[in-house]
Amino acid sequence: MSETVKQILGRFQSDPYMGRQGKVYTDTSDFMRITGGDVLVFGDGHYLVLRDMDTNKILVAIDGPENSKRAVEYVADIVKGCRDFEITLLHIERLPDRDIFADEDAWKKACVAHRQKIDAFLSDNKQMIADYGIPQKRVSTDYVESCQSPLAEEPPYCSRGTSIAQDILHVAEKEHFGTVVIGRRGVSKAEEFMFGSVSTKIIHSGKDCTIWVVQ
C-alpha cells in the first residue's frame, strides 16, 4: 500500500507540517497537475511542494556535488518538456579559511584555485542540464563572490558570509525568480535543531516564490 503525504512527512519532518496535505506523485508527466502540499517521489527521493509551481524562471542553488547533482537532475527532468523557462545555477562563495595559510599570497592562490574549481563545477552542471536535451541558451550561471575575496572587483552584490540562505533569497527577490530549488544536506535532526540548515531557513524565510527542496 502506498504511503500518504502525512505518512511521508512524518518520516522526514521533525516538526508537524501545518500546510495542505495533497497527493503523492511518482510520474513527472503529471507535474502540470501538481500543487502546493503534494509530494513527488522519484526513486529514493521525496520532494514536498510548498507552493503552486512556477517554472518560468528557476534559481537552482548548488554547492556540494551530491545534493547539487540531485537538485539539478530533478529540475532538468521536470522542465525538459516545457517551452518557456529559464534556469540559473547559483553558487554563493565561501572562501578558504585565511587562518590556515602562512601569508596573504598563499591564501590568494588558494582563493584562485577555489574559484577555478567552482567555475568548472558550474560548467559541469550546466552541461548536465544540456544532456537532458535542454538548450544551453536557457541555462545561465551566477557566482556570488564573498565580500572578503581578494579577487573581488566591486561586484553589484557580494556575500557577507553571515547567511547563505539570505544570500540565495536576495538573488531570488532581486532577479524575480518564481522558483528556488535547493538540495537538502544529510544533517541529523539534532544538528538541524542546533545549527539550522540552509534549506530550512529558506523554507521559513522565503516569500513570493515556489521553493523546491530536493531530498
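Has the range 120-131 got at least one residue that is assigned by TED's automatic domain parsing to the domain that holds ARG70, within 23 Å of ILE182 (Cβ to Cβ) and not in a helix (DSSP H, G or I)?
yes
Return the total of residues in the range 116-159 being among the basic types (Lys, Arg), farther than 23 Å from ASP208 by Cβ and in contact with a strand residue (DSSP E or B) (Cβ under 8 Å, 6 or more places away or on another chain).
Of the residues in that region, 1 qualify.
Restricting to the range 80-119, what's the tally of residues that are basic (Lys, Arg) and within 25 Å of GLY183 (Cα to Cα)?
Total satisfying the criteria: 5.
Give the number of residues within the range 139-157 that are touching a residue at least 40 places away in the same chain (Cβ under 8 Å), under 23 Å from ILE87 (Cα atoms) and not hydroxyl-bearing (Ser, Thr, Tyr).
Number of matching residues: 4.
Condition (residue is modelled with pLDDT of 90 or more, more than 30 Å from ASP38 (Cα to Cα), of a type in the set (D, E, K, R) and assigned by TED's automatic domain parsing to the domain that holds ALA76) applied to the range 150-159: is it met by at least one residue?
The answer is no, given that none of the residues of the range 150-159 is modelled with pLDDT of 90 or more, more than 30 Å from ASP38 (Cα to Cα), of a type in the set (D, E, K, R) and assigned by TED's automatic domain parsing to the domain that holds ALA76.
Looking at (1) modelled with pLDDT under 65; (2) over 22 Å from VAL139 (Cβ atoms), which is the one condition that is false for GLY43?
For GLY43, the failing item is (1).
Of the residues ILE8, ILE78, only one is modelled with pLDDT under 70 and either in a helix (DSSP H, G or I) or more than 16 Å from the chain's Cα centre (by Cα) (or both); which?
Just one listed residue meets the conditions, ILE8.
Let's see how each residue does on (1) assigned to a helix (DSSP H, G or I); (2) among the acidic types (Asp, Glu); (3) in contact with a His (Cβ under 9 Å, 6 or more places away or on another chain); (4) without any contact (Cβ under 8 Å) to a residue 12 or more places away in the chain:
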residue	(1), (2), (3), (4)
ASP63	no, yes, yes, no
VAL72	yes, no, no, no
HIS91	no, no, no, no
ASP99	yes, yes, no, yes
LYS137	yes, no, no, yes
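The values are calculated or read from the model by the stated rules, or taken from the named source; none is laboratory data. All values derive from a computational prediction rather than experimental measurement. No Cβ is skipped: glycine too gets one built from the backbone with ideal geometry, and neighbour counts run over all protein chains shown.
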